[in-house]
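Peer 1: Below are the structure tokens for one structure; questions will follow.
What follows is calculated from the coordinates using simple rules that are stated; it is not laboratory data. What you see is a predicted model, and the numbers here were worked out from it, not measured in a lab. With ideal geometry, Cβ positions are generated from the backbone for all residues, glycine too; neighbour counts draw on all protein chains shown.
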Amino acid sequence: MEDAPEDARHRAWSMVKSARTRLGYWDVTSEQIARLEETGEVFRTLEVSAPASGLVMMRMAGLEGMAVRPGMELFHIADLSSLWLSVELFEDQLAAVREGTEAEINLSYFPGETFRGRVRFLEPELSEKTRTMRAQIEVPNRDGRLRKGMYATVQLQPVILYTEYPGQAPQVIEDQVTYPITSKMLAVPHAKIVRGYSFFGFSFVYVIFEDGTDLYWARSRVLEYLSGLTGKLPPGVTPQLGPDATGVGWAFMYALNSPERSLAELRSYQDWYLQYGLSSVEGVSEVASIGGFVRQYQIEVDPIRMRAYGVGLSTIKRAVQRSNVDVGGRLVEMAEREFMVRGRGYVKDVRDLEMIALTTGPGGVPVLLKDVARVTIGPEIRRGLADWNGEGETVGGIVVVRAGADTRSTIERVKARLSELEAGLPEDVEIEIAYDRSGLIERSIATLTDTLIEEMIVVSLVCILFLFHFRSAFVAIVSIPLSILLAFILMRLQGLGANIMSLGGIAISIGVLVDAAIIMVENAHKHYEKWQGRRSHFEIILRSAQEVGPTLFFTLLIITVSFMPVFTLQ
């Protein structure tokens, strides 16, 4: 090398330098390169380091001996130290969730354990089909027990406080209503998160309790602490508890349609007739009205006349409030009879409002409300509407099912009550169902029932084919309907309905029932072959049952205990 020309030596060293660089790109260490230069030993394998650590999710087929090029994918590596949990939030849950909200996650794969995560992303819009918003929750997974594709349950147990302060700006609502309530709710036992939201004219406060807290215990504690706010809120402002329901309580909707009635009339039928009639149905937490116009008395003041008579808005407000009351007196005895004295002052029509005296003018002549204002009946200012299939506005009602109530039974009772109440409406007013979750529930149960029947048929055919003895197979097959009948009897006694969970449990147990019956039949055959002719049939069957009966019992007991966390959702 030393005897070579200068340009040859330069080219050789350039090639060596390029080779070192290429080897460095393959993550070959400088020590390995130096050893290669000294010994000339060729490495048959090279270690390739991935830019990220994690679990290999996919490996390209035929890697051994395959030529690779820059940019070619060899492995898919996933960092599973933290996972994304995709959840769907209903509309009434959106105010309680935002980025950074802590969440508690339960999985049926790990009974009794609770995982914690945090909301990292909220989609900007709702799904038009499901009316839900998707959120992404980051869940730590340092021990690697969580896997892609697992189903989880994220539960929030909020108690909602709704407070109206009409006409006030959000800043005023925040300072005078939301802040005092949220400050007081922070001291409620087992309250984990307290959030307040201020809007124009009203306030929402969400009190989210620890997982497992009884909802009604939480509501009673909130009411107890609300009593401590007496005198701290503006006059006339009273917080109200939200419905005792969960995010999935929105289960039924209906609409009132009429070609002749106005939206204001339909809304009156909904607010003063249907709403009260449905609220008394067992399992109903709330009946909310949507759409239409709420009728109200409207007073349109004339500033010029007010100035002429020296009357202010506060004077008109106090006069109207004080006039719309009944007053009581004492009893007057006349001719050995008692007469009750009272003043009747409730407003019945526009004329009663117009005749309210505001003050006195020159000469002691009273100034009436009609002298400074015009009184009419008109719609309350609204901030939304209800539409019926694109045909125009309508009036509707939303039925919210109470937490813990059976949704299907509650909807059936609501539809039965609607049929009764519809008879009291005018003939031109029709009640049409807009949303009914019972259809989804019934289809799910029907699908599961069909699957259960198919499973029974398949298991019966398998028993006949493999036992190849009809009478022996009949013993195993007959245990299926008898066991299911016994299960339905026990469910009836305990008040359990034929829902997805109960039918799913029966479907899971069919194979176990047949397995136990087959073992019993096979053992009876063995005893029959051994003792045939020397003992009676009854004694042979009894001895065979006594031999395997305890073992089968404890085997089934262990299987039953193993499924208890699943059936109790713990």
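Peer 1: Check cross-link reach from LYS232 to the lysines: straight Cα distance under 26 Å, and skip same-chain residues fewer than eight apart.
Peer 2: Output for LYS232: LYS184, LYS192, LYS317.
Peer 1: Points 7 angstrom from Cα along the Cβ direction at VAL294 and LEU186: gap in nanometres?
Peer 2: In this crude spin-label approximation the distance works out to 3.2 nm.
Peer 1: Rounded to the nearest 20 Debye, what is the dipole magnitude of segment 391-485 about its Cα centre when Lys and Arg each give +1 and Asp and Glu each give -1 at the C-beta?
Peer 2: Here the size comes out at about 880 debye.
Peer 1: Give me the one-decimal nm value for the distance between modelled label points at LEU452 and VAL16, 7 Å along each residue's Cα-to-Cβ direction.
Peer 2: The two pseudo-label positions are separated by 8.3 nm.
Peer 1: Using amide H atoms built 1.01 Å from N in the peptide plane, name the residues 5+ places from VAL367, or on other chains, whose amide H lies under 5 Å from its own.
Peer 2: So VAL367 has HN proximity to LEU358, THR359, THR360, GLY361.
Peer 1: Of LEU513, TYR276, HIS469, which is farthest along the charge dipole of the chain in the positive direction, counting Lys and Arg as +1 and Asp and Glu as -1 at C-beta?
Peer 2: Ranked along the dipole, the leading option is TYR276.
Peer 1: Provide the gained length on full extension for the span TRP272 to ILE489, in nm with one decimal, where the gain is 0.36 nm per separating residue minus the Cα-Cα distance.
Peer 2: Between TRP272 and ILE489, full extension yields 73.8 nm more.
Peer 1: Of [x] 235; [y] 161; [z] 394, which one was derived for volume of the Cα convex hull per residue in Å³ from the structure shown?
Peer 2: [z]
Peer 1: Find the eigenvalues of the gyration tensor of the Cα atoms of segment 230-384, then list the square roots of 5 times those eigenvalues as equivalent ellipsoid semi-axes, largest first, in whole angstrom. It would help to have the intermediate numbers written out before the result.
Peer 2: Values: eigenvalues 280, 126, 68 Å².
Semi-axes (√(5λ), whole Å): 37, 25, 18.
Peer 1: For a quick check: sort VAL205, VAL350 by the number of other beta carbons within 10 angstrom, fewest at the front.
Peer 2: VAL350, VAL205
Peer 1: Report the charge-dipole magnitude of segment 240-337 in Debye, nearest 20, computed about the Cα centre from +1 at each Lys and Arg Cβ and -1 at each Asp and Glu Cβ.
Peer 2: On the way: 10 positive and 11 negative charges, 129 e Å.
Roughly 620 debye, rounded to the nearest 20.
Peer 1: What ³J(HN,Hα) values, in whole Hz, does the Karplus curve 6.51 cos²θ - 1.76 cosθ + 1.60 give for segment 74-86 when θ = phi - 60°, with x put for Gly and Pro?
Peer 2: For segment 74-86, the Karplus curve yields 9, 9, 10, 10, 10, 8, 9, 5, 8, 10, 9, 9, 8 Hz.
Peer 1: Taking amide H positions as placed in the peptide plane 1.01 Å from N, state which residues far from VAL401 in sequence (5 or more) or on other chains have amide H under 5 Å from it.
Peer 2: Correct list: TRP250, ALA251, SER285.
Peer 1: Could you give the size of the charge dipole of the chain about its Cα centre, using +1 on the Cβ of each K and R and -1 on the Cβ of each D and E, expressed in debye and rounded to the nearest 20? List each step's numbers first, then the result.
Peer 2: Numbers: 58 positive and 70 negative charges, 220 e Å.
Computed charge dipole of the chain: roughly 1060 debye.
Peer 1: If each of GLU99 and SER86 carries a label point 7 Å out from its Cα toward its Cβ, how far apart are those two points in nm?
Peer 2: Label at GLU99, label at SER86, 2.0 nm between them.
Peer 1: Quick one, can you get me the convex hull of the C-alpha atoms of segment 392-483 expressed as volume per residue in Å³?
Peer 2: For segment 392-483, the hull spanned by Cα atoms encloses 169 Å³ per residue.
Peer 1: Roughly speaking, what is the stretch gain from GLU38 to LEU542, that is 0.36 nm per residue apart minus the C-alpha to C-alpha distance, in nm to one decimal?
Peer 2: Values: separation 504, 0.36 × 504 = 181.44 nm, distance 8.55 nm.
Full-extension gain reported as 172.9 nm.
Peer 1: OK, next. Provide the per-residue ³J(HN,Hα) series for segment 361-367, in order, calculated from phi with Karplus coefficients 6.51, -1.76, 1.60 and θ = phi - 60°, each as a whole number of Hz, with x at glycine and proline positions.
Peer 2: My calculation for segment 361-367 gives x, x, x, x, 6, x, 9 Hz in order.
Peer 1: Calculated FRET efficiency, ASP211 and LYS348, Cβ-Cβ r, R0 56 Å, to nearest 0.05?
Peer 2: On the way: r = 52 Å, r/R0 = 0.93.
That pair, ASP211 with LYS348, gives E of 0.60.
Peer 1: Could you tell me the calculated FRET efficiency between TYR151 and GLU412, based on Cβ-Cβ distance and R0 = 35 angstrom, to the nearest 0.05?
Peer 2: Values: r = 29 Å, r/R0 = 0.82.
Plugging the Cβ-Cβ distance into 1/(1 + (r/R0)^6) gives 0.75.
Peer 1: Per 5 Å bin from zero, what fraction in whole % of the C-alpha pairs of segment 118-256 is there, up to the bin with the longest pair?
Peer 2: 2, 8, 15, 16, 16, 17, 12, 8, 4, 2, 1, 0
Peer 1: Follow-up question, since we're still on this one. Please give me, ordered by residue number, the trypsin sites (Lys or Arg not before Pro) of segment 175-281 that lie in loop per DSSP and have at most 14 other Cβ atoms within 10 Å.
Peer 2: Passing both the DSSP loop test and the Cβ count: LYS232.
Peer 1: Let me ask something additional. What FRET efficiency would be calculated for the residue pair THR238, SER562, taking the C-beta separation as r and a Förster radius of 60 Å, to the nearest 0.05?
Peer 2: Details: r = 52 Å, r/R0 = 0.86.
It comes to 0.70.
Peer 1: List the GluC sites (Glu not before Pro) in segment 225-305 that DSSP assigns to loop (not H, G, I, E or B) and whose Cβ has at most 14 other Cβ atoms within 10 Å. Which are they? Spell out each step's value before the answer.
Peer 2: Details: sites: GLU260, GLU265, GLU282, GLU286, GLU300; in loops: GLU260, GLU282.
The qualifying sites are GLU260, GLU282.
Peer 1: Using packing as a proxy for protection, rank 461-468, 174-181 so that the peptide with the highest average count of other Cβ atoms within 10 Å comes first.
Peer 2: On the way: 461-468: 14.0, 174-181: 19.4.
Per-residue mean Cβ counts within 10 Å order the peptides as 174-181, 461-468.
Peer 1: Okay, next question. On a C-alpha basis, how far is the centre of segment 510-570 from the centre of segment 329-385 in Å? Whole number, if you could?
Peer 2: 85
Peer 1: Among GLY144, VAL222, HIS190, pick out the residue whose Cα is farthest towards the positive end of the charge dipole of segment 142-256, where Lys and Arg carry +1 and Asp and Glu carry -1 on C-beta, about the Cα centre.
Peer 2: GLY144
Peer 1: Mind ordering 424-431, 526-533, 238-245 by average Cβ neighbours within 10 Å, highest first?
Peer 2: Working: 424-431: 13.2, 526-533: 11.8, 238-245: 16.1.
Ranking the peptides 424-431, 526-533, 238-245 by packing returns 238-245, 424-431, 526-533.
Peer 1: If you don't mind, there's one more thing I want to ask. Pick out, from GLY292, GLY242, TYR254, the residue whose Cα sits farthest towards the positive end of the charge dipole of segment 206-329, with +1 on the Cβ of Lys and Arg and -1 on the Cβ of Asp and Glu.
Peer 2: Ranked along the dipole, the leading option is GLY292.
Peer 1: To continue, here is another question. Nearest 10 degrees is fine. How inclined is helix 500-531 to the longest principal axis of the chain, computing both from alpha carbons?
Peer 2: Taking the Cα atoms of the chain, the angle to 500-531 is about 40 degrees.
Peer 1: Another one. By how many nm would the segment from LEU55 to GLU338 lengthen if fully extended, with 0.36 nm per residue of separation less the alpha-carbon distance?
Peer 2: Details: separation 283, 0.36 × 283 = 101.88 nm, distance 9.15 nm.
Contour length minus the Cα-Cα distance gives 92.7 nm.
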